[in-house]
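Working notes, structure below.
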Amino acid sequence: MIPPNNYKTNFDHYLQLYTQEEIDKVNARLKTPEDALRWAYETFGDKIAKASSFGPEDSVVTDMIIKINPKARFFTLDTGRLNQETYDVMDAIAKKYNINFEVMFPETAAVEEMVRTKGINLFYDSVENRKLCCEIRKVRPLNKILSTLDAWVTGLRRDQNENRSHAAMVELDHLHGGIVKVNPIIEWTWDQVLSYIKERNLPYNKLLDRGYTSIGCEPCTRAIKPGEDLRAGRWWWESDTHKECGLHMKH
């Protein structure tokens, strides 16, 4: 039996800060990613943080944030199964921008019990096992930190998959008690992301040079093949084309 979800946070104590109508009005006046970030940091101060998984989108959004708020908060989820290249770019970004990343780890007892009862590579055996692994290693730690925030920033883009196709620049995150979720580059294309990195010579995850267009845990991510979708390298052994780990599910 997997230990109780000690990180499953009760968000019921939140009084929703905004109504959907108010969020719609905010979106209507935002024209650029920088507009969204300025509004977010002026509004939420130190109660907002950027989630970083160290893909190329995170390099872009981090650079934008630091220019607006050099003291902004950043957090990351260390699942214990990441690539060395991910740690390398985390270190490079931390040094370049003087960032002290708030690193969230999974609950040790839950990981130990999961591995003991289902095996170290349980995610290959079934979709249910894969989702359990994502739940313990990623979703619960995310819930833990989001329960302390009023808003968070992501690097989501609308064209990444169908699940994200209707996301807005600013939205209410009903999965996390109605806190505000800011997606500054939601309308950007993959080419815009790469151009921004190249033009400014930003640190980026070197897995990108090897064909990794979507970066997650090492055993669950591969390089894509010519003509494949940009997220085809995530959980490639599963047939569902709209795969998610649970961090950015539809409401």
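The numbers here are math on the coordinates, done by the rules we state, and not lab data. All values reported here derive from a predicted model rather than from experimental measurement. Reconstructed Cβ throughout: ideal geometry from the backbone, glycine too, with neighbour counts over all protein chains shown.
Of note:
- Over 32 Å between alpha carbons, listed pairs LYS47/LYS96; LYS25/LYS71; LYS47/LYS131; LYS95/LYS144; LYS25/LYS96; LYS96/LYS138: LYS25/LYS96
- Nitroxide proxy distance, nm - points 7 Å out along Cα→Cβ at LYS95 and LEU122: 3.7 nm
- Segment 156-218, Cα convex hull volume normalised per residue, Å³: 122 Å³
- Using the Cβ-Cβ distance between LYS198 and TRP236 with R0 = 41 Å, the FRET efficiency computed as 1/(1 + (r/R0)^6) comes to roughly 0.90.
- The chain: Rg to Rh, with Rh as the Kirkwood radius over Cα pairs: 0.94
- The simple Förster model, with R0 at 30 Å and r as the Cβ-Cβ distance, assigns ASP46 and HIS174 a FRET efficiency of 0.80.
- Net +/- balance of residues flanking LYS198 in space, Cβ distance below 15 Å, scoring K and R +1, D and E -1: -3
- Separation of the ASP88 and PHE105 label points, Cα + 7 Å toward Cβ, nm: 2.4 nm
- Estimated from the Cβ-Cβ distance and a Förster radius of 22 angstrom, the FRET efficiency linking LYS71 and ARG29 is about 0.30.
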